[in-house]
1. Given (1) open to solvent by 50 Å² or more (accessible area, probe 1.4 Å); (2) in contact with a helix residue (DSSP H, G or I) (Cβ under 9 Å, 6 or more places away or on another chain); (3) not in a helix (DSSP H, G or I); (4) not small (Gly, Ala, Ser), identify the lone condition not met by Thr154.
2. Determine which single condition Leu30 fails, assuming it passes every other condition in (1) aliphatic (A, V, I, L, M); (2) in contact with a Gly (Cβ under 9 Å, 6 or more places away or on another chain); (3) not in a helix (DSSP H, G or I).
3. Which one is nearest to Ile228 (Cα to Cα) among residues in segment 64-93 that are open to solvent by 40 Å² or more (accessible area, probe 1.4 Å) and in contact with a Phe, Trp or Tyr (Cβ under 6 Å, 6 or more places away or on another chain)?
4. Across segment 109-142, what is the total count of residues that are in contact (Cβ under 8 Å) with a residue 12 or more places away in the chain, outside any helix (DSSP H, G or I) and either more than 17 Å from Tyr36 (Cα to Cα) or of a type outside the set (Gly, Ala, Ser) (or both)?
5. What are the pairs with Cβ atoms under 7 angstrom where one residue, in segment 9-22, is open to solvent by less than 70 Å² (accessible area, probe 1.4 Å) and the other, located anywhere, is of a type in the set (Phe, Trp, Tyr) and at pLDDT 90 or above? Sequence gap at least six, or different chains.
6. Looking at this structure, is Leu235 surrounded by fewer than 15 Cβ atoms within 10 Å (Cβ to Cβ), within 19 Å of the chain's Cα centre (by Cα) and under 18 Å from Met56 (Cβ atoms)?
7. Is it the case that segment 36-49 has a residue that's free of Cβ contacts under 8 Å to residues at least 60 places away in the same chain, part of a loop (DSSP other than H, G, I, E, B) and open to solvent by less than 60 Å² (accessible area, probe 1.4 Å)?
8. Would you check which residues across segment 50-63 are loosely packed, with under 15 Cβ neighbours inside 10 Å and in a helix (DSSP H, G or I) and list them?
Amino acid sequence: MIHLRSALYMAFLVVTVIPYALCCVLWAPLPLSWRYRLTLGWPRMALWGARWILGMRYQARGLEHLPAEGPAIILSKHQSAWETLYFAVKLPRDVVFVYKKELHYVPFFGWSLALLSMIPIDRTKGRESFDQVVKIGSRRLKEGRWPVLFPEGTRVAPGQTGRYKQGGALLACRTGTPVIPVAHNAGECWPRNAFLKTPGLVTVSFGPAIDPAGHTPATLNDAVREWIEAEMRRLNPERYETR
């Protein structure tokens, strides 16, 4: 049954993304806010399909920590593609993701992404990529949009911890924007680069806002990592029993 569900979901994504991407190109002349709302239809469908085809249910904790007004930067654990769908659909503000610019060349999906004015970076430029995050991220914050960054930079398996990069913390310190740390266990159902996806309950946990005042990018990054990794041990203690 898991094999059948996973195959049906993959077919669902392929069948829906192509016409949706073509529509994104057609409505490119519209204002960005309109294009964003229209484009959200696809991640909304993908999240719906994960719920009803794969059996991936979800719950959120700590939603009260999201500011009702004003800017915020989301710094999240990264285990799968599922959380990108969730943040785009469920966060109360328009979001912008930091991602490698090469994704713009991916047929259909990348074309749609390129039209949303997010934060594409050239990772081959090393240290300069942090400057790109700060420069473009500052503009997006002024537009009233919330940057979403994955400090580990790539998806990590459940129970694992990657090196937390300082790009998001640097953006927060430079702009004085509070950070919301996020832990979740989506990788338990949707593993990295795995075709098979399993039913289950994903918990997304939003932490208290961390004010960058009095922090350096390094100490802010440490505070984010400490909260996220401690929360991961509360969400799935069995993954850390031998550590």
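The values are calculated or read from the model by the stated rules, or taken from the named source; none is laboratory data. Quick caveat: nothing in here was measured; it's all calculated off a predicted structure. Virtual Cβ from ideal backbone geometry, glycine too; neighbours counted across all protein chains shown. Keep in mind that these areas ignore ligands, DNA and RNA; they rest on the heavy atoms of the full protein, side chains included. Shrake-Rupley method; radii C 1.70, N 1.55, O 1.52, S 1.80 Å.
1. (2)
2. (2)
3. In this case the residue turns out to be His65.
4. Here the count works out to 7.
5. Correct list of pairs: Thr16/Trp42; Val17/Trp42; Tyr20/Trp42.
6. no
7. yes
8. Those that are loosely packed, with under 15 Cβ neighbours inside 10 Å and in a helix (DSSP H, G or I): Arg51, Trp52, Leu63.
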